[in-house]
1. Per the Cauchy relation, a quarter of the hull surface: what is the mean projected area of the convex hull of the alpha carbons in region 186-239, in nm²?
2. Taking H placed 1.01 Å from N in the peptide plane, check which residues at least 5 places from Ser215 or on another chain put their amide H under 5 Å from its amide H.
3. For the chain, what is the percent of antiparallel DSSP beta bridges, rounded to the nearest 5?
4. If the reach is capped at under 21 angstrom between alpha carbons, list the lysines near Lys166, excluding any in the same chain fewer than eight residues apart.
5. When you take every Cα atom in the chain, what is the radius of gyration, and what is Dmax, the widest Cα pair distance, in Å?
6. Counting Lys and Arg as +1 and Asp and Glu as -1, each charge on the Cβ, what is the dipole of region 136-216 about the Cα centre in debye, to the nearest 20?
7. Of the listed pairs Lys8/Lys241; Lys68/Lys314; Lys152/Lys185; Lys73/Lys115; Lys68/Lys98, which have alpha-carbon separations greater than 20 Å here?
8. Over all Cα pairs of region 97-217, how is the pair count split among 5 Å bins, expressed in % and running from 0 up to the last occupied bin?
Amino acid sequence: MIEYENLKKANEPFFAELRESFETTLQGGQYILGPTVEEFELEFASYCGTRYCVGVSSGLDALFLSLKAFDFKIGGEVIVPSNTYIATILAILNAGLKPVLVEPDIHTYNIAPKKIAEKLTPETVAIIAVHLYGKMCEMGPIREIARTTKLKLIEDCAQAHGAMYKHSRAGSFGDCAAFSFYPTKNLGCLGDGGAIMTDSGDIASRIKMLRNYGSKIKYYNEVIGYNSRLDELQAGFLSVKLRKLDAINQHKRKLAGLYLGNLRDDFIKPVVDDDYYDVYHIFNIRHPQRDMIREYLLKNEIKTDIHYPVPPHKQRALQNILSGCDCRISEEIHATTLSLPISYSHTADDIFRVIEILNRF
């Protein structure tokens, strides 16, 4: 059986260093907001090319606290792609804001810059650019839209650790950028975790208060805050894996190259462009017979996944919030997309086996 993901196998090459990191933290006796978190924050900010990094407890909280940091008026509108994962929508709603769905480009699956202008109103306060599947959005025109309209720009980098647009890394374009370190990510910890990148010292300082009960000094609370702290254990694990991130990305790019070069052309494959350095957190294909293909692969002992089977505006939880949306492009993507195995634990032989079976469909 070729699994879609096996986290134990993917992390096995790092076990010795992860154990050493655990032992260091255990013996150090400081487990919340200590030196290991500070060290990782400095390392990841340097990697992404930003001045500041603030570790938080999850990718969802990274998005939510990014929005809260700007103190937008309640009910302000936030531009967001219609095919994003629901976490992006939840962050907007939990911040007391209104999601405004914009259709993606059918080829890249990322928000289409030309369609953003159609949805701007006097109530718009921010744009969230979601770098889906490990490919960055077209950040040049998106950043220009944000600049000329004086809107805040937030990057959702939950699937784009190390991805680049015109040689600049994900996380370095927005007023804030939110990362998730969920275990399946290219940079994943051994639990939950997230981080916010920014070049603004004021915003970084505010987020540090928000993540820690609204407090700079223990027991003295300056703003209404939350409990959303990246812990020392996860920060140590992330520092270990950050040193391996480029190798992880290169491995996944190599596997993606096998798919791109050998799969039949009737499978719609990810587009490749010289302006983008894609890191393939997910390698998706599209096909009108997606469900039949998935069943066929499983019968041949190949597991797959779907990112995602239901678009946000069709989710039951959001029916009274996003109802009436005309999101036909998003619906087409969600109905036809299939994620193929492309883990750090997979070998070239695994991928050639998937290709062989798929090409016989």
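Each reported figure results from applying straightforward, stated rules to the coordinates on display, with no laboratory input. Computed from a predicted model, the values in this text were never measured in an experiment. For neighbour counting, all protein chains shown are included, and Cβ atoms are generated from backbone atoms with ideal geometry for every residue, glycine included.
1. The number I arrive at for region 186-239 is 4.5 nm².
2. Residues meeting the amide H criterion: Glu222.
3. Approximately 60 percent, going by the DSSP bridge assignments.
4. The qualifying lysines are Lys114, Lys135, Lys252, Lys254.
5. Cα-based Rg and Dmax for the chain come out at 20.3, 65 Å.
6. With Lys and Arg at +1 and Asp and Glu at -1, about 220 debye.
7. Lys68/Lys314; Lys152/Lys185; Lys73/Lys115
8. 2, 11, 19, 22, 19, 16, 8, 3, 1, 0
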